[in-house]
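Asks: One structure, as structure tokens, below. Some questions next.
The values are calculated or read from the model by the stated rules, or taken from the named source; none is laboratory data. Keep in mind the model is a prediction, meaning the values are calculated, not measured. Backbone-built Cβ (ideal geometry, glycine too); neighbour counts: all protein chains shown.
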Amino acid sequence: MLRRAPGGQGRVPASSGRRTRSLYGRVARFVRRDFTIGEEITTDVLSRTLGLAPGAVTVQVTDGRVTLSGTLPRADLIPVAVRLSESVDGVVDVTNHLRAEDRVGHTP
């Protein structure tokens, strides 16, 4: 809603009377440090949820962009690891460099 400015010069947005916050204040709550994102993916997603051994997957995070590298015991775990990583707060994108062990248990 627009109302006439004092003195009749042009129009200005009407105020709802509520205190306004800066855009930075609203967005800053959702920005997470890369280290925190990496720790959550490593601990919660890979170790607790998927039961992977620590160090089986390398997680690198830069500006919310995650890169997953390493070897998983089964190929069907790869899309699960990627999707769960994408769901972590603060993640912007996930690049998948994961591979699966072959049936004998060796990395191809």
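Asks: Count, please, the residues in the range 44-75 that happen to be loosely packed, with under 12 Cβ neighbours inside 10 Å, assigned to a loop (DSSP other than H, G, I, E, B) and free of Cβ contacts under 8 Å to residues at least 24 places away in the same chain.
Replies: Residues meeting the conditions: 4.
Asks: Of all residues being exposed (fewer than 14 other Cβ atoms within 10 Å of the Cβ) and of a type in the set (Lys, Arg) in the range 76-107, which is farthest from the chain's Cα centre (by Cα)? Just the residue, please.
Replies: Arg103
Asks: Another question, then. Taking the options Arg26, Arg4, name whichever one is modelled with pLDDT under 95 and closer than 21 Å to Val92 by Cβ.
Replies: None of the others qualify; the one that does is Arg26.
Asks: Mind checking which pairs have a first residue in the range 92-108 that is more than 11 Å from Leu72 (Cα to Cα) and a second that is modelled with pLDDT of 95 or more and among the β-branched types (Val, Ile, Thr), Cβ under 6 Å, 6 or more apart or different chains?
Replies: From residues that are more than 11 Å from Leu72 (Cα to Cα), the pairs are Val94/Val66; Val94/Val82; Thr95/Thr67; Asn96/Val82.
Asks: Still on this model: Within the range 76-99, track down each residue that is in a strand (DSSP E or B), closer than 18 Å to Ile37 by Cβ and charged (D, E, K, R).
Replies: Asp93
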